[in-house]
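Following: one structure in structure tokens, then a few remarks.
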Amino acid sequence: MRYRFYTRTWLALLVLLLALPSSFGWGENAERMIADKAVDTLPDEMIYFFQANRQFIIQHVSDPAQSEAKNPSERRNNFIELDHYGPFPFAALPRVYTEAVAKYGRRTIQAHGQLPWQIGLYSQKLTNAFHDHNWEEAKLSAAILAHYVACAHDPFRSTTNSDGNLSLQPGVNERFGSGLVDRYQRFFFMKPNEASFIRDPTDHAFEMSSSAHAWIESILLADRRAHAGLAGYNDEYYDRFYAQEGAVLIRQFADASTDLGSYWMTAWINAGRPQLPGY
């Protein structure tokens, strides 16, 4: 009897875990590259602080992913399934969190992800840290914000087809976001634009996720073409895949670095442009 109870409990837990979106996407290498390049987008008044703490930020950019491993409920902050709410431009989903919860219910919002609101939250946390001259908190908030901004530029963090299973292409998210990066990153030429002020951090986060979502069909088609005639996902597959989608990958990285620098700068401006230390 007890055996049956534990078996049912284990199966229920397994079903729940399988129902959650996959956490695969941009790997650590991708997030570190984005954070590293973002430092170079900043104005002179900020750059010395961020240059001095570049390695700290790069080291801690994956902290939320580690928290997710310990607490799976944190996963909801790393994605948003925009296509659950209807077709592009996803106008049915309010961008104000309280309005979204009032319309769909908190359970639905959490189940389908709350990444843009998480970005808005950490943008405010960084603003508060700058305002209070809490430089240790500012460094950590800047690193965590880097993780979430990077996630918003990952196309597979924006869709119900987060791991490719719905299109019968399981693992395409990892092949795109980690496999291509790990193999070809030495060929990446990223030149982000200078940081610019963001008027509404949460609204801009929705725009980032929507823009990333627009690449889904192109990536899925390239994955199918790259795999055609091959028994597995070997070097030939990745060469084909990169030839078709490498430019998209590099563009997403460059845009992520530009946006991340812009979030950092926006928080600093909203905090009253405090003088940052050079350490």
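No lab work stands behind these numbers, since they all come straight from the coordinates. Predicted, not measured: the structure shown is a model, and the values here were computed from it. Heads up, the Cβs are rebuilt from the backbone with ideal geometry, glycines too, and the neighbour counts pull from every protein chain shown.
Structure summary
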| read-out | value |
| --- | --- |
| Qualifying trypsin sites (Lys or Arg not before Pro) in segment 154-256, DSSP loop, other Cβ atoms within 10 Å at most 14 | 199 |
| Gain on full stretching of the segment that runs from residue 214 to residue 63 - 0.36 nm per residue minus C-alpha separation | 51.6 nm |
| Charged-residue dipole, Cβ positions (Lys, Arg, Asp, Glu), segment 22-270 about Cα centre, Debye nearest 20 | 400 |
| With Cα atoms, 0 to 90° folded angle of helix 115-131 axis to the chain main axis | 20 |
| Segment 22-270: relative contact order in percent, alpha carbon pairs under 8 Å with at least 6 residues between | 32 |
| Residues listed by number, segment 102-119, amide nitrogen under 15 Å from residue 96 label point at 7 Å toward C-beta | 102-104 |
| Anisotropy class of segment 155-222 from Cα gyration tensor, a/c 1.5 cut | oblate |
| Segment 261-279 residues near the modelled residue 52 label - backbone nitrogen below 16 Å, point 7 Å along Cα→Cβ | 274-279 |
| Residue among 143, 123, 164 farthest towards the positive dipole end of the chain, charges placed on Cβ | 164 |
| Additional length obtainable on full extension of the chain from residue 73 to residue 160, 0.36 nm per residue less Cα span | 29.6 nm |
| Cα-based reach from residue 191 at 16 Å (exclusive), listing lysines while leaving out same-chain residues under 8 positions away | 37 |
| Ellipticity estimate at 222 nm from DSSP helix runs (n ≥ 4, -39,500 (n - 2.57)) divided over the chain, nearest 500 | -19000 deg cm²/dmol |
| Proximal aspartates and glutamates relative to residue 103, as straight alpha-carbon distance under 17 Å, when same-chain residues fewer than 8 apart are discounted | 81, 83 |
